[in-house]
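Read through the structure below, which is laid out as structure tokens, and then see the notes.
The values are calculated or read from the model by the stated rules, or taken from the named source; none is laboratory data. Remember, predicted model here, so these are calculated numbers, not experimental data. Ideal geometry is used to build each Cβ from the backbone, glycine not excepted, and the neighbour counts take in all protein chains shown. The area values use the complete protein model at the heavy-atom level, side chains included, leaving out ligands, DNA and RNA. Shrake-Rupley method; radii C 1.70, N 1.55, O 1.52, S 1.80 Å.
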Amino acid sequence: MLPNIVAKVAITSHDGKAYQQDRFYRQADTCASGNKDCILIIENIRIDVTSWARAHPGGETILKKYHGKDATKVFKAVGHSEAAYELLKKFRMKQSLHQHEEEHKNSTRKISQWIKKLFTKEDQTGIHKVLGLFCLCHFTYRFYLMLCSDDLAAGFGSLSDENNPTAGASILPFYCLIPHAVLSLSSLLFHTVPRERVAGKPMIWQEFRAHNIIFGLRSLLCSVVSWASIYYHHRWRTFSVCLSCLIVLGSCRAADIATAHLRHDPVESTTATMPYWEECSFRTQYWFKQVYALAQFGATITCLLVSNPAWPLSVLLPIQGASFLMTLVRKGLISARTYHVLYSLSLLSVFFVGLRYILCCLLHFNYLRKWDSVDLFGLFILALITFQLRRSGWDKYVIWISLVACRIAVGDQYIHWRIW
């Protein structure tokens, strides 16, 4: 049986009445049909997309805008895939008077659509794609350093060594983090991202994009703080810890503000009502949600450690990776099942950093020193505790403010930061 202890979440329905529902028992609305007729005119053909409107990757709103109007120009400007043109045939209401022209256009469509996909109207210079490629290579390089060398900080700082006066951090890793921040912010270039969540598949919508930017910047800033602590030889250690705590609390508040302004349906949740594939059972969805929620708490606690700079950077991998995977879903390159599997694997990056550290200590020192494993196991235990408190109905600000206060009060007694 599934656990009975779940967080009761107060929700206001469309009729203004408040009610409570278990967060992990909520499911995504898979109904693709719109509540009003939606008929477009494309290339002199009337297209009835009413039954599919909520599954439109660009959202239902843009379809409603062109209800009863000629949408040929805007349809072509977007640069739709062959699958989209197949859907036109599925939903057409009558034959075109110029069918021979359509057949001629179909012969050249395959050549031109790839160019339109690569260079969209919102990103004509391709800057978002160039930054994405750089960030992917950067992640690969950093994890390669951790896996294939004794550089546990992935190049952000070397282990302190009395016989090595150059131990510490260089300025280059700081500059390598800047493209990650620009990549997150450049997602705002895409004005076609729908405000409502697309039914049936995990695709980017405005609230998710805002949260992605906020928590991505949180991870980057905490990586910078951890790097700066090493770079300046821990002269302002207390200040670094306090700054990371403020960043974490500030990101929580910023996410709530974004939700208040952008959430289309109050019943939804960015994680709990994420769409899954059609054959996915309720039990499987439940455990996916458990993993995602636990990983979110672990990611936040990781940003409070201010020890190995690679830890908050590893948190950034699934955050920016989720947007990339959702884009692949939107383009029809991967399925919803593949998205959830790959995203779940990316969440293991935080534990990979910790396990790699313990393994290196065993190989290098032949034993674990006093606090060598506390960071990793302490992180996991705290994530479980905060996760269960939240599920029991505790206010998240009570949880995080209490944890931040303990982090500052206890200091670094149980965190092995002096090795960096």
- Task: Scan R356, R391 and give me the residue that is under 29 Å from P202 (Cβ atoms), modelled with pLDDT under 90, under 25 Å from the mean Cα position of the chain (by Cα) and charged (D, E, K, R).
- Result: R391
- Query: Across the range 171-216, what is the total count of residues that are crowded, with 17+ Cβ neighbours inside 10 Å and among the hydroxyl-bearing types (S, T, Y)?
  - Reply: 3
- Task: Select from the range 140-154 the residues that are at pLDDT below 85 and open to solvent by 20 Å² or more (accessible area, probe 1.4 Å) and list them in ascending order.
- Result: L147, C148, S149, D150, D151
- Can you confirm whether the range 398-405 contains a residue that is farther than 29 Å from P275 by Cα, of a type in the set (S, T, N, Q) and modelled with pLDDT of 80 or more? yes
- Among the candidates G68, G58, which residue alone is open to solvent by less than 50 Å² (accessible area, probe 1.4 Å) and assigned to a loop (DSSP other than H, G, I, E, B)? G58
- Assuming Y232 fulfils every condition listed in (1) of a type outside the set (V, I, T); (2) open to solvent by less than 10 Å² (accessible area, probe 1.4 Å); (3) over 15 Å from the mean Cα position of the chain (by Cα) apart from one, which condition is it? (2)
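Mind listing whichever residues of the range 263-290 are of a type in the set (A, V, I, L, M, F, W, C), part of a helix (DSSP H, G or I) and surrounded by fewer than 16 Cβ atoms within 10 Å (Cβ to Cβ)? If you could, list the steps in order and put the result at the bottom.
The initial filter retains those residues of the range 263-290 that are of a type in the set (A, V, I, L, M, F, W, C), namely 267, 272, 274, 277, 280, 282, 287-288.
With part of a helix (DSSP H, G or I) added as a condition, the list becomes 282, 287-288.
Scanning the range 263-290 gives F282, W287.
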- Message: Within the range 308-345, take every residue that is open to solvent by less than 10 Å² (accessible area, probe 1.4 Å) and hydroxyl-bearing (S, T, Y) and give me the one that is nearest to H180 (Cα to Cα).
- Response: S314
- Item | Single residue of T192, T259 found to be out of contact with any Leu (no Cβ under 8 Å at 6 or more places or on another chain), among the β-branched types (V, I, T) and closer than 30 Å to A77 by Cα | T192
